[in-house]
Structure formats: C-alpha cells, structure tokens
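Worksheet: one structure, shown below.
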Amino acid sequence: LTFPPGFKFGAATAAYQVEGAWNVSDKGESIWDHYSHGPRSMILNHDTGDVACDSYNNWERDIEMAAELGLHYYRFSISWPRLLPKGFDYKISEDGKAYYNKLIDGLLQKGIEPMITLYHFDLPQSLQDLGGWTNPLIADWFADYARVVFSLFGDRVKMWLTINEPIVICDMTYKAGYNPPAIYSPYFGAYLCNKYILMAHAKAWRVYDEEFKAKYHGKVSLAQHLLWIEPATDSDKDLADIAMQASAGRYSHPIFSEEGGWPPALEKAVEELSKKRGLLKSVLPPFTQEEIELVKGTHDFYGFNLYTSRLIKAKTEDTVDRWPQTDAADLGAVLLEANEWGKSSVNWLSVHPEAIRRQLNWLKKNYGDLEYVITENGMATSSGLQDEDRVNYYKKYLAQVLLAIKEDVINVTHYTAWSLMDNFEWMYGYSVRFGLYEVDYSDPQRKRTPRQSAKYYANVIKSNSFDVPS
Ligand code: GAL
C-alpha cells in the first residue's frame, strides 16, 4: 500500500488567499483588491484579503508548518502586482522580490522544494483596465512577467505552473459574471478569455523553454481545474463526452493533444450554440495554424486540481438546474450530484473519491502517457481541530490515486493537498475552511494550529502510504 519511491507530497496556497499586506511598500492593486474594496463586492460578509493569513509577515511560521508536515514541496503563488506594481515589466518591486526570495530560501534551507504558480487569480488592476484576459496583448504582458519571475527565482525553483485554473478564470468572471472583475459577457468575453489565456500560458512556457531551460532544467505546465462528469443515465453518455471536451478538453486539447487546436466536439458545440443565439459566426475565436503550433506541446507534465464530480443529464421540463451558468447548460443539459456521494461544508463540493482515478484514466486515454501532477485536492469542513471528514477525504482520494498508479499504470508523481492552512476562499470569504492548519482570524497574529488532518498527512508522508493513523 505504499506509493512508489520518490513520489512527492506537498501542500498549496495562493498569494491573495494568504499573504495580506495588500498595500505595503509599492505593491500594485490587484483585481481582488479593487473588487473587494468596491461597492459591487458580492463576497460573503464583505470579507477582503487585506490581511488574510498575514503570510507576508508570517512566512517563517508557514515554512515551519511545511517542515512539521514533512512536505517535499510547498506550492504557493506569486502576486503579479506585488512583484510588478504597474503590471508591466519595466518596474520590479524590491520589496516584492525580497519577500519571495526569503520564502524560497527559507524553504530550501529546510529541504522543501518551492513549486510556484505565476498566476492564481490576482491580475494587476492596471492590466484589467486594459481588458485583462480578453485583450490579445495579455499573452505578451504575461510572458514578460514570466521572464522576470524565471530570471529572479529560476536558479532555485524547478517546478512551475503558469496559470491556475483557466476554466475558473474565464467562466466565473465572464460566464457567471461573478468573480472579479465580474464582467458578465457569456456570449463573447468568456470565449476571448479562453483563447488568450491559452496563448499567455504558451508564450510563458516558451520563454522558459528557450531562455532558461538549458541553464536551470526545470519543468513548466499549468494547473487545470477538472470537474469529473459522468452520465446520469445510459442515454446521457454522449452528453458526458461532449461536456468533458467542453471543460477539460477546452484547455487541454490545444496544449496536450497531438493535433492541437480546439477539441472538434467543442468547435461543433459552440458553432451550433452561436447559430441558436442568432450570431453570424461561432464565438469561439479560431486559432491560426501558427497559433496552433505555438500552443501545442507547451508542457513538461500535466497538472490538475480536482475536488468534485457531477452527473450530467439532458434537460427536461422538471429538472432544476443548480449550476445554470456552465457549459452543460449551453449543451441543453443539467448537472446533478449522485445521492450516494458524501457532502462537505460547501455546496459545490461533494465527496466522490473514484473520480480522481477515473479522471486520470480519461487523461491518459486522451493525452497519453504523460507525467501527471495533482496540484490541488482537498475538502472544506467547518471550523474545529477534529476534522475527521477531511482525514477520510484524503485517505479515500489517496487510495484511488494509488490504484491509478499501481493498477492502471499511470505516472502520477506528485500529490498536493489544498490547503496548508485556512485562507480567504474567494467569494466565500473566510466562511469556508480548507486547511490542514486552522487559522484564528480573531487573533492579530493569525495563529495557526494543526488539525487532526495535519497529523494524518504528516504520517502519510512519513510512511509513504495513505493507510496510516491520524
Ligand atoms: C481551487 C482554487 C483554490 C481554492 C480551491 C478550493 O479552485 O485554485 O484557490 O480556492 O479551489 O475552493
């Protein structure tokens, strides 16, 4: 029941969710700063990430926690506006640079590798004002930013993720009009974002590949958000296949498939949808042949976050759609949850451990025998240190990952728990807790205390097995 030798366990956070210090020194404003401070904020309780876990000041404690768990690596993200206050690369913040240097060096001193995400939702507001992810030029702005990061930290950091969850960025921002900058543009904005976010990833990957790889020998990919979708009945099988291509495939096929470009099933679905909406042509921006080549193959592994699953079913008159702003709705379908799946303390996350193994098999079937890196997996519970539910979640999902490795011969090399500690959970503010460590938000120091799950995870890492006491 042990993981292969050399298998790595980590835990993750993201800059806006933990750092706080939103306006120290010359740090620029991010879209989350801007939105959370503004009158349109729909964040629960009007929470903000102004202080969050105050990791800007508590970085030594964060490293200590990573060491207590015995993590092989710690995944965190760089705040683009902290490092480049203007968004563009002509001005680098000395303060931002010093902060990330301290964190990287501190981790390495304890033998913990840093795994860095370049972009985890906190766009510089200055670039949002110029159109953000719907402006084609963002691909170059992002590549310039990536070059700065690689040149400052590439000597010590070997695992990189360009963008966290393109699907969440495009859909929650433009399709649902929910996450900042909360621009409701489901007919156009979401699709522009689809294309330019892929172009941005690809250009950043090529910057590393061409300018840094020979010297630093690191690996670069992105962190996909995967929602495992199964047919509710036998007659919904085709629907489930299309829905997987419209979600996972939309952001994976252009990068990981042999032919590149949009998945044909998605092109067809959006073409039909556009016609139905009375548009003169498909809203999915085409790739030129040159762009297909530019994006194709821009990976050194496949990284993904997976939390939950859905059933898909053709829409009938009496079906209630809990998730209307999704690709499934565009396909004339609804998403449901199976009664037998377990619950968590957030409405969108139900517990279905087999999903992670099935998802890995789907990926291998579609994109081949790649190195697979699980960049996030975890569950929300209410507060309290006895988090039996979270322990069980990890145990069951890890058991499925091990089956995928041993029975299905899938090359999974890393598993990342979300999250190292409770943090600012986006639109849910501080009401939702994902941490191995509990954070006391009433304490000015933001004291962190290990939960039962932290002890369990430390044992997992020590014995290289999921079947351990907590
Ligand atoms: C992911 C996201 C994380 C975290 C997690 C739990 O989608 O990357 O930042 O919030 O979900 O909801």
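The values are calculated or read from the model by the stated rules, or taken from the named source; none is laboratory data. Quick caveat, the model's predicted, so the values are computed rather than measured. Please note: Cβ atoms are built from the backbone with ideal geometry, for glycine as well, and neighbour counts cover all protein chains shown. Each accessible area value is taken on the protein alone, full model and side chains, heavy atoms only, with ligands, DNA and RNA left out. Shrake-Rupley method; radii C 1.70, N 1.55, O 1.52, S 1.80 Å.
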(message) Starting from the 7 Å offset along Cα-to-Cβ, what nm value, one decimal, do you get for the label separation of GLU272 and ASN361?
(response) 2.7
(message) Using DSSP H assignments, which helices in the chain have an axial alpha-carbon span of 15 Å or above and a mean Kyte-Doolittle hydropathy of -0.5 or higher?
(response) 138-153, 189-211, 388-406
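Which translational diffusion coefficient, to the nearest whole µm²/s, is obtained for the range 31-142 from the Stokes-Einstein equation, given a Kirkwood hydrodynamic radius over C-alpha pairs, 25 °C and 0.890 mPa s?
Using the Kirkwood radius from Cα pairs, D works out to 156 µm²/s.
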(message) Quick check of the Kirkwood formula: for the chain, what is the inverse mean of 1/r over all pairs of different Cα atoms, in Å?
(response) 22.4
(message) Please list, in order, the residues from the range 404-418 whose amide nitrogen is less than 11 Å from a point placed 7 Å along the Cα→Cβ vector of ASP369.
(response) 409-411
(message) Could you sort the peptides 78-85, 226-233 by per-residue average Cβ neighbour count (10 Å cutoff), highest mean leading?
(response) 78-85, 226-233
(request) Using the heavy atoms of the protein chains and a 1.4 angstrom probe, tell me the accessible area per residue for the chain in square angstrom. (result) 38
(request) Leaving ligands, DNA and RNA out of it, work out the accessible area of HIS34 with a 1.4 Å probe and give it in Å² to the nearest 10. (result) 90
(request) Calculate, in nm to one decimal, what ASP129 and SER185 gain on full extension: separation in residues at 0.36 nm each, minus their alpha carbon distance. (result) 18.6 nm
(request) Please give the contour-minus-distance gain from MET42 to LEU279: 0.36 nm per residue of separation, less the Cα-Cα distance, rounded to one decimal in nm. (result) 82.2 nm
(message) At 7 Å along Cα-to-Cβ for each site, give me the label-to-label distance between SER345 and ASP443 in nm.
(response) 1.7
(request) Give me the number: length gained by fully extending GLU317 to GLU210, i.e. 0.36 nm times residue separation minus the C-alpha to C-alpha distance, one decimal in nm. (result) 33.1 nm
(request) Quick one: of LYS396/LYS462; LYS237/LYS268; LYS102/LYS395, which pairs are farther than 22 Å apart, Cα to Cα? (result) LYS102/LYS395
(request) For every helix of n ≥ 4 consecutive DSSP H residues, a contribution of -39,500 (n - 2.57) applies; sum these over the chain, divide by its total residues, and give [θ] at 222 nm rounded to the nearest 500 deg cm²/dmol. (result) -11500 deg cm²/dmol
(message) Tell me which of LEU127, TYR90, PHE76 sits at the most positive position along the dipole axis of the range 48-131, charges placed on C-beta atoms (Lys, Arg +1; Asp, Glu -1).
(response) TYR90
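For the pair TYR178 and LYS158, what calculated FRET efficiency results from E = 1/(1 + (r/R0)^6), where r is the Cβ-Cβ distance and R0 = 30 Å, to the nearest 0.05?
0.30
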